[in-house]
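Comments concern the structure below.
Bear in mind these aren't lab numbers, they're just calculated from the coordinates by the rules spelled out. Source: prediction; values computed, not measured. Cβ placement follows ideal geometry from the backbone for every residue including glycine, while neighbour counts extend to all protein chains displayed.
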Amino acid sequence: MAVYKLQLEEFNTAEYELIAIHTTIEVSKLAFLLNQKLNTRFQYIHPIDKTEKKEKGCFERYFFEDEKNEILWNLLENKSIIKNGNNQDSLFEQIDQTMYLIPEYKKVDYILKIDADEDFFDMDTILTAISSINTISTSYKMEKNKIKTTSNLIF
């Protein structure tokens, strides 16, 4: 009987692009503003749970499926605050920790993941539209080859 081994790289065949977004607004407000500028219809979908060193982080997720152009859009939080020290009578203060969906980009607040070949959409047009939102400090295309935790982007 033959034994077949699957490599992780075989699952990473989907074409996608990542856009980093720096802003202080809430994810729901960002989804609303992106809907206006990009002509999308982001809707809240189940959050992404990530466990690291016995700590559990929860990352908000908004999703839009453009069936006409066969593009999947995911708006993801990159930061999750983990509350520590449940006992208020303890000697130590409560210390909050931050968990990152993509730790290589710790300064990024939100990630826009676009699942489609770049030939089907214009990245420059999308970046220009996102940059036109007043409450966004900056946005740019993320370099996928710098990301070691690509498994966090599979859902």
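Assorted remarks:
- The modelled label-to-label distance between residue 124 and residue 56, using points 7 Å beyond Cα along the C-beta direction, is 4.7 nm.
- Charge dipole magnitude, Cβ of K and R +1, D and E -1 - the stretch 102-155, Cα centre, debye nearest 20: 420
- One chain, two ends: residue 141 and residue 82. Fully extended at 0.36 nm per residue, the span grows by 18.5 nm beyond their Cα-Cα distance.
- Approximate spin-label separation residue 106-residue 35, in nm, with each point projected 7 Å along Cα-to-Cβ: 3.5
- Distance violations [Cα-Cα > 20 Å] among 79/113; 53/144; 29/113: 53/144
- Cα→Cβ-extended label distance, 7 Å offset, between residue 98 and residue 44, nm: 2.4
- Calculated from backbone phi, Karplus (6.51, -1.76, 1.60) coupling profile of the stretch 96-106 in Hz, x at Gly/Pro: 8, 10, 10, 10, 10, 5, 10, x, 5, 10, 5
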